[in-house]
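K.L.:
Okay, handing you the structure first.
Computed from the coordinates by the stated procedures, all read-outs in this text should not be read as laboratory data. Keep in mind that this is a model prediction, so the values were computed, not measured. Cβ: placed from backbone, ideal geometry, glycine included. Neighbour counts: every protein chain shown.
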């Protein structure tokens, strides 16, 4: 099915009104769609106060690019560049070109940040080409596709903010390292005193997905393990998880692995999973709608509840594994387990994706923007993107020959006196 028709079918299925599209658009229609996108973001994007972006300047800064628009693909490429002004990996288009930038975190196998002025790898995706090639946490990137990494990052940064903004520089570093669809990557990396060159294939990490929604096993005597295979957007995951939990019903403890959920998902699946671990209705995350406060001056916020599901709750000790490829709804599920005191969260910082997104469909081209329009919080008020696990795993300094996350979870579950989740407290409504 052509991409445009597929997008239209999906949007109609979720109740989004999509106009009939002509085979081509005029220059003026393309400009009108750009203006619609810019104005919609102005009104609805939830995180401008956390950004150095001067969004009001964007039409002027991209005026020359606007004048050169002639095809729908031109507009896709321009909108991709304009969304970089938000340095927000959760602000995305629902369509892409053959050579579009890969999305972070779903399309990348490397997590990195600037440390002491160096582009430092802080995590490498499990079962990835980068991991198999020998790239390790602690390595320093020297160049990407023969371009010095500092120059490549400078070219990716937006036009409306100072390039010294540290959050933008870390975002741009990860975006550059992800590369582009259909293109191999050549990385020059310093490992200790040695500089090595790595050739990574053109295949996208986002395409490497297990066919089964969940995998299950027993990692130690009496301890079950369930891994979610980037499946939190598939309602079949609920049934698959129920079967896995039933099969592991005789265990004395359980590990739930959310480290491979970079594509996010939906709250139906998250509540379906979390509902097997609570005994009464409990709040698991808080929402805030900034656009309504901007329009009316009145703050709007609410708590989302999870309800018990199934004949009985699993009330033995549970550890939830998270990492840099735990994204969006995976992050929501992790903070939900923490908020309801149903599990101990173990791992690293998560992907840090901002808020909950809504699609904005452009009238002439049918291009859809997914923009974070709601801010999301732990029920204790911590922004979801800044949440940290109760038990941290240092992947850069681990001397483990196995899986340091699983080993950390086993230590937690085997602690004397660890009898499972604390009593589920009542939270203020």
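K.L.:
Taking the Cα-to-Cβ direction at residue 199 and at residue 216 and moving 7 Å from each Cα, how far apart do the two end points lie in nm?
P.N.:
4.4
K.L.:
When the chain is modelled as a GNM with alpha-carbon springs shorter than 10 Å, which of 40, 343, 178 fluctuates the most?
P.N.:
Of 40, 343, 178, the most mobile in the Gaussian network model is 40.
K.L.:
Anyone know which of 161, 314, 45 comes out most mobile in the 10 Å Cα GNM of the chain?
P.N.:
161
K.L.:
Let me ask another. How do 78, 256 rank when sorted from fewest to most other Cβ atoms within 10 Å of their own Cβ?
P.N.:
Sorted ascending by nearby Cβ count, the order is 78, 256.
K.L.:
Most exposed first by the Cβ proxy, i.e. fewest other Cβ within 10 Å, how do 257, 129 rank?
P.N.:
Numbers: 257 26, 129 19.
Ordered from fewest to most neighbouring Cβ atoms within 10 Å, 257, 129 come out as 129, 257.
K.L.:
What base-10 log of the normalised intensity I(q)/I(0) is obtained for the stretch 110-203 from the Debye formula, alpha carbons as equal point scatterers, at q = 0.22 Å⁻¹?
P.N.:
The Cα Debye sum returns log10 ratios of -1.14.
K.L.:
Okay, moving on. Could you please state, rounded to a whole Å, how far the C-alpha centre of the stretch 288-333 is from the C-alpha centre of the stretch 161-227?
P.N.:
So the two Cα centres are separated by 26 Å.
K.L.:
Using Cα pairs under 8 angstrom and six or more residues apart, how large is the relative contact order of the stretch 239-386, in percent?
P.N.:
Values: 297 pairs, mean separation 39.5, N = 148.
Relative CO of the stretch 239-386 lands at 27 percent.
K.L.:
Further, regarding this structure: Quote to one decimal, in nm, the extra length available between residue 268 and residue 415 on full extension: 0.36 nm per residue of separation minus the C-alpha distance between them. Could you put the intermediate results ahead of the total?
P.N.:
Numbers: separation 147, 0.36 × 147 = 52.92 nm, distance 3.31 nm.
Working it through step by step, the gained length comes to 49.6 nm.
K.L.:
Okay, next question. Please arrange 30, 258, 66 by counting, for each residue, the other beta carbons lying within 10 Å of its beta carbon, fewest first.
P.N.:
Details: 30 23, 258 26, 66 18.
So the ranking, lowest neighbour count to highest, is 66, 30, 258.
K.L.:
Turning to a different aspect of this structure: If contacts are Cα pairs under 8 angstrom and at least 6 residues apart, what is the relative contact order of the chain in percent?
P.N.:
Values: 858 pairs, mean separation 70.0, N = 429.
This gives 16 percent for the chain.
K.L.:
222 nm [θ] for the chain, helices only, -39500 (n - 2.57) per DSSP H run of 4+, per residue, to 500? Can you show the working numbers first?
P.N.:
Values: 13 runs with 124 residues, N = 429.
Taken over the chain, the calculation gives -8500 deg cm²/dmol.
K.L.:
For Cα Rg over 2.2 N^0.38 Å, the choices are (1) 1.01; (2) 2.27; (3) 1.15; which was calculated from the structure?
P.N.:
Among (1) 1.01; (2) 2.27; (3) 1.15, the one derived from this structure is (1).
K.L.:
Which of rounded, prolate or oblate describes the stretch 242-281 when judged by the alpha-carbon gyration tensor and an a/c cut-off of 1.5?
P.N.:
Values: a/c = 2.19, a/b = 1.31, b/c = 1.67.
Cα axes put the stretch 242-281 in the oblate bin.
K.L.:
If you don't mind, there's one more thing I want to ask. Anyone know which of 361, 147, 393 comes out most mobile in the 10 Å Cα GNM of the chain?
P.N.:
Comparing 361, 147, 393 in the GNM, the peak value goes to 147.
K.L.:
Relative to the first principal axis of the alpha-carbon coordinates of the chain, what is the inclination of helix 166-178, with its axis defined by its Cα atoms, in degrees from 0 to 90 and to the nearest 10?
P.N.:
Relative to the chain, helix 166-178 is tipped by roughly 90 degrees.
K.L.:
While we're on this one: What angle do you read, to the nearest 10 degrees and between 0 and 90, between the alpha-carbon axis of helix 3-13 and the longest principal axis of the chain?
P.N.:
That works out to roughly 60 degrees.
K.L.:
Something else about it: Over the stretch 122-272, calculate the relative contact order: mean separation of alpha carbon pairs under 8 Å at least 6 apart, over the residue count, as a percent.
P.N.:
Values: 202 pairs, mean separation 25.7, N = 151.
Once divided by the residue count of the stretch 122-272, the mean separation gives 17 percent.
K.L.:
Also, I was wondering about something else. Could you give the angle, 0 to 90 degrees to the nearest 10, between helix 72-83's Cα long axis and the longest principal axis of the Cα atoms of the chain?
P.N.:
That works out to roughly 60 degrees.
K.L.:
Once label points are set 7 Å from the Cα along Cα→Cβ at both residue 73 and residue 146, what is their separation, rounded to one decimal in nm?
P.N.:
So the two model labels end up 2.5 nm from each other.
K.L.:
Counting DSSP beta bridges with both partners in the chain, what percentage is antiparallel, nearest 5?
P.N.:
On the way: 46 of 62 bridges.
Of all bridge pairs located within the chain, approximately 75 percent are antiparallel.
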